[in-house]
Amino acid sequence: MEREFILLKPDTVQRGLVGEIIKRIENTGLKLVAMKFLQVTQDMAEKHYAVHKERPFYPSLVKYITSAPTVAMVVEGPNAVAKTRNIVGATHPKDATPGTIRGDFGIDIGRNLIHASDSVENATYEIGIYFTEEEMVSWDPIRQPWVVE
Ligand code: UDP
Ligand code: MG
């Protein structure tokens, strides 16, 4: 069982695509365990993207992610990281396959709509920036035996 961290970035909120994108995540069958609407602070952004600190796009990335509200989510299930990354699509929307979120809604790498952790280890780190353990909701979806064998 894996936990995956997802952030619907400011462009998703500003463009009114929150429902559209959550629908796709929900459709996978992965279990929602946490969700909140928030504006990312400078401190949170610096922690989240610490790995990219030396990259040329880092200042604009931090400015973008802190520029307007976002939706943070945690989903859980077998292969949650790979499954989510697959429906998100390639980093640059021009390379993202049609049918993926970035492939269907994006054109610019600096406005690629959604973040999803690239490993279980990074998901654990990122969940810790956005949520407390108490905010993880424990529940049993009635559909579960029809989603996971
Ligand atoms: N990014 C950017 N320009 C680049 C590369 C990345 O603006 O040349 C931004 C983009 O928002 C991307 C984020 O930095 O989603 C993190 O980059 P990463 O390579 O981790 O891509 P991801 O894991 O989001 O696909
Ligand atoms: Mg990444």
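For the stretch 34-45, the count of residues that are touching a residue at least 40 places away in the same chain (Cβ under 8 Å), surrounded by 15 or more Cβ atoms within 10 Å (Cβ to Cβ) and within 28 Å of D140 (Cβ to Cβ) is at least one. Assess whether G106 counts as being surrounded by 15 or more Cβ atoms within 10 Å (Cβ to Cβ) and touching a Leu at 6+ places or on another chain (Cβ under 6 Å). Here the answer is yes, as G106 does meet what is asked. Among the residues of the stretch 84-103, those identified as closer than 19 Å to L30 by Cβ, touching a Gly at 6+ places or on another chain (Cβ under 9 Å), more than 10 Å from ligand 1 (Cβ to nearest atom) and touching a residue at least 12 places away in the same chain (Cβ under 8 Å) are I87, T100, I101.
Among the criteria (1) out of contact with any helix residue (DSSP H, G or I) (no Cβ under 9 Å at 6 or more places or on another chain); (2) not in a strand (DSSP E or B), the one E76 does not fulfil is (2). How about the stretch 50-78: which of its residues are of a type outside the set (A, V, I, L, M), surrounded by fewer than 14 Cβ atoms within 10 Å (Cβ to Cβ) and more than 8 Å from ligand 1 (Cβ to nearest atom)? Passing the criteria: K53, E54, P59, K63, P78.
Here, each number is a calculation from the coordinates, and none is a lab measurement. Just so we're clear, the structure is a prediction, and the values are computed from it rather than from any experiment. Because the Cβ atoms are built from the backbone with ideal geometry, glycine has one as well, and the counts that use them run over all protein chains shown.
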